[in-house]
């Protein structure tokens, strides 16, 4: 049995594979969804990498109210396009994908998703062919105080 947090992470992974042109997105990052991968083989681009982060918690009447940080990075080959324009498409696709919460497998698990920051930290140097952008979300959920597997 997975923890509530793991179920939420799996929901994100399942949703991110929908980022394809066929589903109305500008990039095809959903073809390769990776979990916690520092180096991505350029041969599999475009890709998206999910980074579940540290969470904050607060005790409330027998429940533990958690806020988990979730960073999602998109990486693509920009070809002859302007890398800044491609990074903006990546960011827009990430926000469009995650902020429409109708995708949640078990909406009872998640109390809310908030976009907190995003964009490109570094643009490519001359001769490089890939660009990335990241979006960070806060995911709010609750569990029983001493049972991370139950709500």
Selection from segment 10-48 of residues in a loop (DSSP other than H, G, I, E, B), surrounded by 12 or more Cβ atoms within 10 Å (Cβ to Cβ) and touching a helix residue (DSSP H, G or I) at 6+ places or on another chain (Cβ under 9 Å) yields 17, 18, 19, 20, 25, 26, 27, 28, 32, 45, 46
Taking segment 115-145 and keeping only residues that are touching a residue at least 24 places away in the same chain (Cβ under 8 Å), touching a helix residue (DSSP H, G or I) at 6+ places or on another chain (Cβ under 9 Å) and more than 27 Å from residue 43 (Cβ to Cβ), one is left with 137, 139, 141, 142, 143
Top-ranked residue of segment 73-87 - restricted to ones that are part of a strand (DSSP E or B) and touching a helix residue (DSSP H, G or I) at 6+ places or on another chain (Cβ under 8 Å), ranked as surrounded by the most Cβ atoms within 10 Å (Cβ to Cβ)
74
Within segment 119-136, of all residues that are touching a strand residue (DSSP E or B) at 6+ places or on another chain (Cβ under 6 Å) and part of a loop (DSSP other than H, G, I, E, B), the one farthest from residue 77 (Cα to Cα) is 120
Based on what the data block shows, is residue 148 over 20 Å from residue 9 (Cα atoms), in contact with a helix residue (DSSP H, G or I) (Cβ under 7 Å, 6 or more places away or on another chain), modelled with pLDDT under 95 and surrounded by fewer than 17 Cβ atoms within 10 Å (Cβ to Cβ)?
no
For segment 90-103, enumerate the residues that are modelled with pLDDT under 85 and closer than 17 Å to residue 135 by Cβ.
100, 101, 103
Among the residues of segment 49-72, what is the count of those that are over 15 Å from residue 111 (Cα atoms), free of Cβ contacts under 8 Å to residues at least 60 places away in the same chain and exposed (fewer than 11 other Cβ atoms within 10 Å of the Cβ)?
2
So, of the residues in segment 88-114 that are in a strand (DSSP E or B) and touching a helix residue (DSSP H, G or I) at 6+ places or on another chain (Cβ under 8 Å), which turns out to be farthest from residue 72 (Cα to Cα)?
110
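Looking for something farther than 21 Å from residue 117 by Cα, within 15 Å of the chain's Cα centre (by Cα) and modelled with pLDDT of 95 or more - is there at least one such residue anywhere in segment 65-78? Even if it seems obvious, please write down each step before you answer.
Within segment 65-78, the subset farther than 21 Å from residue 117 by Cα is 65, 77-78.
Still in the list and also within 15 Å of the chain's Cα centre (by Cα): none.
Within segment 65-78 (the criterion being farther than 21 Å from residue 117 by Cα, within 15 Å of the chain's Cα centre (by Cα) and modelled with pLDDT of 95 or more), the answer is no, since none of the residues qualifies.
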Can you find even one residue in segment 56-69 that is farther than 23 Å from residue 126 by Cα, assigned to a strand (DSSP E or B) and out of contact with any strand residue (DSSP E or B) (no Cβ under 6 Å at 6 or more places or on another chain)?
yes
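The values are calculated or read from the model by the stated rules, or taken from the named source; none is laboratory data. Quick caveat: nothing in here was measured; it's all calculated off a predicted structure. When we count neighbours, we look across all protein chains shown, and the Cβ atoms used for this are built from the backbone with ideal geometry, even at glycine.
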